[in-house]
Amino acid sequence: MKLLVTGGAGFIGSAVVRLAIARGHQVVNVDALTYAACLENVAPVADNPGYVFEQADIRERQALDRIFAEHAPDAVMHLAAESHVDRSIDGPSDFIETNITGTFNMLEAARSYWSAKGKPESFRFHHISTDEVFGSLPADPSIKFTEETPYDPRSPYSASKASSDHLVRAWQETYGLPVVLTNCSNNYGPYHFPEKLIPVVILNALVGKELPIYGDGSNVRDWLYVEDHADALLLVVQKGEVGRSYNIGGENERSNLELVQTLCTILDDKSPRADGLSYKEQITFVTDRPGHDARYAIEPARIRNELGWRPSVTVEEGLAATVQWYLDNEDWWKPLQNRQGVGQRLGVKK
């Protein structure tokens with residue numbers, strides 16, 4: 001299968017690219033190489049004859065039309081998006097332009113290409129989204145997001161992703177474009193851009209900086225190892241039912257405080273502090289960000305029952321592997337820390 005992957009130099013997209021190539025698929029990686037993208041993420045497959053990179057912005061329709069015509073993909077996996085909630089609070093316009101207008105351009109370019117090819121039934125447009133579109137959950141562990149949960153986005157980021165989800169569904173209903181959708185929980189793992197919670201904690205810990213936790217650390221997330229997510233996404237694009245959405249979760253709920261404490265314990269074992277104290281001594285509670293959702297949790301019964309997928313690692317196993325990856329790959333993350341906004345507190349505007 002030839003896959004056109006947007007955002008393939010980003011965190012989740014690059015995991016998809018690496019796994020797709022490993023499984024023998026052809027990949028056309030379309031990425032604008034904005035601040036959070038890094039071609040080093042796909043360096044392990046860059047020389048593979050089945051891999052092609054196209055630097056292009058999904059906000060530029062003409063470039064997309066050329067790429068579709070030139071490469072003739074069998075399916076699209078649309079991951080390109082602005083994805084940092086804190087950045088969306090400080091500058092929402094980029095999120096509207098990329099996540100909404102960019103998705104519109106992708107849908108129209110895909111529809112034009114699909115129509116020109118005679119509307120093949122085998123074509124797929126797979127839109128990759130987030131559980132944040134569903135809003136916030138109460139503390140009750142029996143209540144989780146399902147595919148039928150009403151949308152209730154609370155940030156510019158989640159609102160832009162909700163809008164793109166609705167566009168994708170509308171293009172299927174109106175034009176018959178064969179689409180599938182997925183909404184995932186919080187991803188983590190190797191190649192995670194160093195502005196998100198887990199890499200921030202790891203890298204701050206190693207240089208003796210404070211480990212910032214919003215509010216009292218009680219906000220709960222379901223954590224999904226990125227390589228498990230990539231596996232699920234490739235399954236959905238190949239076997240998902242047209243017009244169907246699938247929630248992909250890690251089945252690993254943890255509060256932010258619990259997560260950071262686990263990371264500290266792993267770091268204490270793998271790279272002990274010189275003074276013999278625990279990295280937990282560096283934990284600092286900071287002012288919460290505006291509109292910080294209390295809890296996200298995915299109920300992944302549909303993808304489990306219909307497609308037979310489940311996550312393969314616990315959060316403890318995945319965090320240990322992630323910490324080790326950062327310890328072993330300083331030459332990857334060190335240059336990224338010089339990028340604009342990395343290491344700074346964002347998302348404090350109201």
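The values are calculated or read from the model by the stated rules, or taken from the named source; none is laboratory data. All of these numbers come straight from a predicted model, not from anything done at the bench. All Cβ positions, glycine included, derive from the backbone under ideal geometry; neighbour counts span all protein chains shown.
Scan region 252-274 and give yes if some residue there is of a type in the set (Asp, Glu), part of a loop (DSSP other than H, G, I, E, B) and either modelled with pLDDT of 95 or more or surrounded by fewer than 16 Cβ atoms within 10 Å (Cβ to Cβ) (or both), otherwise no.
Scanning region 252-274, I find no residue that is of a type in the set (Asp, Glu), part of a loop (DSSP other than H, G, I, E, B) and either modelled with pLDDT of 95 or more or surrounded by fewer than 16 Cβ atoms within 10 Å (Cβ to Cβ) (or both), so the answer is no.
Out of Val28, Val76, Val17, which single residue is in contact (Cβ under 8 Å) with a residue 24 or more places away in the chain, buried (at least 24 other Cβ atoms within 10 Å of the Cβ) and touching a His at 6+ places or on another chain (Cβ under 7 Å)?
Residue meeting the stated conditions: Val76.
Checking Ile89 against (1) more than 29 Å from Arg111 (Cα to Cα); (2) free of Cβ contacts under 8 Å to residues at least 12 places away in the same chain; (3) in a helix (DSSP H, G or I), which single condition isn't satisfied?
Looking at each condition in turn, Ile89 falls short on (2).
Could you figure out which of (1) at pLDDT below 95; (2) in contact with a strand residue (DSSP E or B) (Cβ under 9 Å, 6 or more places away or on another chain); (3) farther than 27 Å from Val313 by Cβ; (4) of a type outside the set (Lys, Arg) isn't true of Val179?
(1)
Mind counting the residues in region 286-342 that are among the β-branched types (Val, Ile, Thr), under 30 Å from Glu147 (Cα atoms) and not in a loop (DSSP other than H, G, I, E, B)?
Result for region 286-342: 4.
Does region 112-133 hold any residues that are buried (at least 19 other Cβ atoms within 10 Å of the Cβ) and not aromatic (Phe, Trp, Tyr), and which are they?
Residues satisfying the conditions are Arg124, His126, His127, Ile128, Ser129, Thr130, Asp131, Glu132, Val133.
Would you mention how many residues in region 305-328 are among the charged types (D, E, K, R) and either surrounded by 17 or more Cβ atoms within 10 Å (Cβ to Cβ) or closer than 13 Å to Asn252 by Cβ (or both)?
3
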